[in-house]
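Worksheet: the structure to be examined is printed underneath.
The values are calculated or read from the model by the stated rules, or taken from the named source; none is laboratory data. Computed from a predicted model, the values in this text were never measured in an experiment. Don't worry about glycine lacking a Cβ; one is built from the backbone with ideal geometry, like all the others, and counts go over all protein chains shown. Ligands, DNA and RNA are excluded from the accessible area calculation, which covers all protein heavy atoms including side chains. Shrake-Rupley method; radii C 1.70, N 1.55, O 1.52, S 1.80 Å.
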Amino acid sequence: DEMALRRLTLAIEQSPVAIVVTDRDANITYVSPAFTTITGYTATDVVGRSTRILKSGKTPEEVYRKMWQTITSGVPWHGEWENRRKNGRLFWEKVAISPVVDSDGKITSYLAVKEDITEKKKTERKLLELNLNLERKVAQRTRELGSINKELIREVVERKKAEAELQEKTEELERFFSVALDLLSIGDTSGRFLMLNQSWETITGFSVEELMNLHFIDLVHPEDREETLAILEVLKIQSRIVGFTNRYRTRQGEYRNIEWHAVLVGERIYAAARDVTSRIRLEQSLQENIEREKELSEMKSRFVSVASHEFRTPLAAIMMTGETLLNYWKRMDEEKIEARLKTIIEQVRHLGSIVANVMQVSKIQEGKMSFEPGEVELVTLCREVIHDFNVRYNNAIELSGDIDEVWVKADRRLLLQSLTNLVSNAVKYAQPDPKIRVRI
């Protein structure tokens, strides 16, 4: 019994969840080391005192009323509430409270298993903020996620040695072991499980009996086995491992990411583990979003630079021609005035074409570009495009070919835009004296 108690004590007191036992009046009779880590109160601070010292005043009284109504009827209660640490800071915790009954079925005390979910709450809140403004929150979010990875195993407190309470404590620790939210295990250095709590069955889908017959390396992902065996050798030397993560296979054949905290005592390995699959997926998703946002930002910068250059050229031509007309129109004959007005009209059309291109690119990026195919006479379409350019560039484009007519099935609008872009690029990069040949 003493050896079993010692094993259970080590396993429970290595768990990052807090264990609290109270009498029927909510006066604290026992707290685990994790309770001190989470709240800042030591066992000396709280034993004999009411659990009301943790109240933050932010939890509605209705929650407490329903909790007491549930547990005094002999039924476990589960919930979340916001409490206050010894230093006055608020924190969130997930709570499971079970009544403890004697052989006559009378409630003698209450057992609470508490998990600090403050960081989880922060993560959820920060994720919502990130959806609203990803660029502004990336750095802060990364730091918060980094802090989640830093969890330390706490020192084991000296167990109570009173022989009269030995059997009662043994049964109490067995209940702690069974209701813990994390994966608790005891194994030997050969890689065999000696004891597992119910959470293993919940996470992996394998029964405790099935797992007890397996070598724990059998469930590790093939790519993680070598590193896992190496960590086991390190544990034999250092007697403590914190924050090691590998992938464990479930009954369904998928893999879950498990983060381990373990200590070696003699030939026994006492471990507390946690399923961190959701956290790792969240980190990966955030990193992918960051990369996509960077890529989109670079694309926007390049696009704005190109568009700005394209707009300046026709605007400068319009400005210069307009100023010439304003200052010298009285000295010009009708033909010169008409020529300059045509220049302004051509440049305005060119600006309109640039705006159309910008709108088209925007629609493509937004996934709003529609495709409406129909019968199109290609030769006529080419002539229209070339005619518009020849008006602007003094017949710089020569059209030739031996095909008078050819019908194709296409989206006339998109095909017109494609041909216009091809000819426009040819003219642009053949300056200052473009001579362009188009052959059908």
- Task: Could you please find all residues in the range 38-56 being under 14 Å from residue 92 (Cβ atoms) and either more than 35 Å from the chain's Cα centre (by Cα) or open to solvent by 40 Å² or more (accessible area, probe 1.4 Å) (or both)?
- Result: 55
- Query: Yes or no: residue 363 surrounded by fewer than 13 Cβ atoms within 10 Å (Cβ to Cβ), assigned to a helix (DSSP H, G or I), at pLDDT 70 or above and basic (Lys, Arg)?
  - Reply: no
- With the checklist (1) under 19 Å from residue 182 (Cα atoms); (2) aliphatic (A, V, I, L, M); (3) exposed (fewer than 14 other Cβ atoms within 10 Å of the Cβ) in hand, flag the one item residue 258 doesn't pass. (3)
- Task: Could you check how many residues of the range 393-420 are of a type outside the set (D, E, K, R), loosely packed, with under 15 Cβ neighbours inside 10 Å and within 27 Å of residue 317 (Cα to Cα)?
- Result: 3
- Name the pairs: first residue in the range 1-28 and under 22 Å from residue 265 (Cα atoms) and of a type in the set (Val, Ile, Thr), second residue modelled with pLDDT of 70 or more and open to solvent by 50 Å² or more (accessible area, probe 1.4 Å), Cβ to Cβ under 9 Å, at least 6 apart or on different chains? 17/94; 17/116
- Message: Condition first: outside any loop (DSSP other than H, G, I, E, B) and over 14 Å from residue 273 (Cβ atoms). Now tell me which residues in the range 202-223 satisfy that.
- Response: 208, 209, 210, 212, 215, 217, 218, 222, 223
- What helices (runs of 4 or more DSSP H), lying completely within the range 1-86, carry at least 2 residues that are modelled with pLDDT of 90 or more, in contact with a helix residue (DSSP H, G or I) (Cβ under 8 Å, 6 or more places away or on another chain) and within 30 Å of residue 122 (Cα to Cα)? 33-39, 43-46
- Item | Contacts under 9 angstrom Cβ, first residue in the range 394-423 being touching a residue at least 40 places away in the same chain (Cβ under 8 Å) and part of a loop (DSSP other than H, G, I, E, B), partner loosely packed, with under 10 Cβ neighbours inside 10 Å and of a type in the set (A, V, I, L, M, F, W, C), 6 or more apart | 411/371
- Query: Can residue 380 be described as assigned to a helix (DSSP H, G or I), hydroxyl-bearing (Ser, Thr, Tyr) and at pLDDT below 80?
  - Reply: no
- Which listed residue, of 279, 251, is under 18 Å from the mean Cα position of the chain (by Cα) and open to solvent by 30 Å² or more (accessible area, probe 1.4 Å): 279
- Note on the structure: Among the residues of the range 243-261, the number that are out of contact with any Leu (no Cβ under 6 Å at 6 or more places or on another chain) and assigned to a strand (DSSP E or B) is 12
- Message: For the range 215-228, which positions are open to solvent by 50 Å² or more (accessible area, probe 1.4 Å) and modelled with pLDDT under 85?
- Response: 218
- Which of (1) under 25 Å from residue 371 (Cβ atoms); (2) of a type outside the set (Ser, Thr, Tyr); (3) modelled with pLDDT under 85 does residue 390 not meet, given it meets every other one? (1)
- So residue 110, is it farther than 30 Å from residue 268 by Cα, without any contact (Cβ under 8 Å) to a residue 12 or more places away in the chain and open to solvent by less than 30 Å² (accessible area, probe 1.4 Å): no
- Query: Quick one: residue 404 ticks every box in (1) of a type in the set (D, E, K, R); (2) within 20 Å of residue 343 (Cα to Cα); (3) at pLDDT 85 or above bar one, so which box is it?
  - Reply: (2)
- Task: Please go through the range 57-87 and pick out each residue that is open to solvent by less than 30 Å² (accessible area, probe 1.4 Å) and either under 16 Å from residue 17 (Cα atoms) or not hydrophobic (A, V, I, L, M, F, W, C) (or both).
- Result: 59, 64, 79, 81, 83
- Query: For the range 89-103, does any single residue satisfy the condition of being open to solvent by 10 Å² or more (accessible area, probe 1.4 Å), under 17 Å from residue 117 (Cβ atoms) and basic (Lys, Arg)?
  - Reply: yes
